[in-house]
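Only one structure is covered here, and it is reproduced in the block below.
The values are calculated or read from the model by the stated rules, or taken from the named source; none is laboratory data. Being a predicted model, the structure only gives us computed values, none of them experimental. Cβ: placed from backbone, ideal geometry, glycine included. Neighbour counts: every protein chain shown.
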Amino acid sequence: MVKNLEMKMREYFEVQEEKYSFEIAKVEGIITVKCFDNDGISNELKFEISSAAVTEDINILITDLIDCVYQKYINPSNKRIRAFAEFCNRKINSLDKALQKGDTDKISKINLDLTEKYRITKSYKNDVSFYKTFVKMFYCIKGD
């Protein structure tokens, strides 16, 4: 089952523009999926699930892997992305007060905070997009 999944994952990315290779291992009751990019460098992207929950049904394994990707990578990033809106609201409120007082130092500091947080949030959005590539792959494999 593990080798069958690894083969399907490789087949999926053979027809995609992006090239990834995978290494799947079952060690001490844990199934680990490692992802490597074009250069053969591991992105330390690990999907780990306990084999106690794994049956010989590849669809259940794929569902567990999808859940793992969401729990470990996508959901935490989405949480930080959503927090950015609240952060902006607080900073804009502070910016308004600083503008009313004419405090240019405070305005500059708030602008720096906003732009720094924006860059970080943009990075999280890119991460979510990257991880959703694998979720899409898992759903495509599951549908075959």
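Might you let me know whether region 77-91 holds any residue that is in contact with a helix residue (DSSP H, G or I) (Cβ under 7 Å, 6 or more places away or on another chain) and among the aromatic types (Phe, Trp, Tyr)?
yes
Does Asp67 satisfy the criteria of being surrounded by fewer than 12 Cβ atoms within 10 Å (Cβ to Cβ) and acidic (Asp, Glu)?
So Asp67 does not fit the description; no.
Going through Lys117, Lys122, Lys91, Lys109 one at a time, which residue ends up being in contact with an Asp or Glu (Cβ under 8 Å, 6 or more places away or on another chain), part of a helix (DSSP H, G or I) and surrounded by 11 or more Cβ atoms within 10 Å (Cβ to Cβ)?
Just one listed residue meets the conditions, Lys91.
Quick one: Lys79 ticks every box in (1) modelled with pLDDT of 75 or more; (2) farther than 20 Å from Ser123 by Cβ bar one, so which box is it?
Result: Lys79 fails condition (2) only.
Filter region 94-106 down to the residues that are loosely packed, with under 14 Cβ neighbours inside 10 Å and either in a helix (DSSP H, G or I) or modelled with pLDDT of 95 or more (or both) and list them by number.
Answer for region 94-106, where residues must be loosely packed, with under 14 Cβ neighbours inside 10 Å and either in a helix (DSSP H, G or I) or modelled with pLDDT of 95 or more (or both): Asp96, Lys97, Leu99, Gln100, Lys101, Thr104, Asp105.
If you scan region 124-137, which residues turn out to be out of contact with any Ser or Thr (no Cβ under 9 Å at 6 or more places or on another chain) and under 10 Å from Ser77 (Cα atoms)?
The answer is Asn126, and nothing else.
Here are Glu28, Glu86, Glu14, Glu56: which of them is modelled with pLDDT under 80, surrounded by fewer than 17 Cβ atoms within 10 Å (Cβ to Cβ) and closer than 24 Å to Asp127 by Cα?
Answer to the selection: Glu14.
Could you grab the pairs with beta carbons closer than 9 Å, sequence gap of 6+ or different chains, first residue in region 121-139 and acidic (Asp, Glu), second one at pLDDT below 95 and surrounded by 14 or more Cβ atoms within 10 Å (Cβ to Cβ)?
Hits for this filter: Asp127/Tyr73.
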